[in-house]
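S.K.: Dropping the structure in here first, questions after.
The values are calculated or read from the model by the stated rules, or taken from the named source; none is laboratory data. The shown structure was predicted, so the numbers you read here are calculated from the model rather than taken from an experiment. Surface accessibility is based on the protein's heavy atoms, side chains included, excluding ligands, DNA and RNA. Shrake-Rupley method; radii C 1.70, N 1.55, O 1.52, S 1.80 Å.
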Amino acid sequence: ILMCGGGGGYGDAPAGANTGASTGAGAAVGADQPSPCITLKNMFDPAQMKTNEQMWVEINEDVRDECSKHGEILHMQVDAHSQGIVYVKFDSAAAAASARQTLNMRWFAGRLITCDFTPSHVYDAQFRL
């Protein structure tokens, strides 16, 4: 459920917010090269996800709702074995670029998220698409 500010959605940094998003070291190859595929990082705390299965549903719905504002989503995956990573493949690089412009360095549920492009061939190989 997306709410602005300190409540839980996209917006400005709330007091005491987690700023643990990676912004350079460890950035994916091709992170700035336009592609229909994006990777959202620091979307959730894996420890909290283990204790609250409803959070998986909410993260999935929130990301799908926000990303669908930018174009058609062809594939989406919340990585349960990650430090808060969500993968999204759009129908075009323009849709992904629009989503990246909106979501990169934004706040979501008190966490600073980053958004990088992922090369299509890497994304497709990872998910066997």
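S.K.: Using a 1.4 angstrom probe with every protein chain in place, what is the largest-first accessible-area order of LYS89, LYS69?
M.R.: LYS69, LYS89
S.K.: Now a separate question. Using only the Cα atoms of segment 59-129, build the gyration tensor, take square roots of its eigenvalues as a ≥ b ≥ c, and label the shape rounded, prolate or oblate: rounded if a/c is under 1.5, else prolate if a/b is larger than b/c, else oblate.
M.R.: oblate
S.K.: If you don't mind, there's one more thing I want to ask. Could you sort SER92, SER35 by their accessible area in this structure, using a 1.4 Å probe and putting the largest first?
M.R.: My answer, sorted largest first, is SER92, SER35.
S.K.: Moving on. Given a 1.4 Å probe and heavy atoms of the protein chains only, how would you sort TYR87, TYR123, largest accessible area at the top?
M.R.: TYR87, TYR123
S.K.: Considering Cα pairs under 8 angstrom that are at least six residues apart, work out the relative contact order of segment 70-129 and quote it in whole percent.
M.R.: Result for segment 70-129 is 23 percent.
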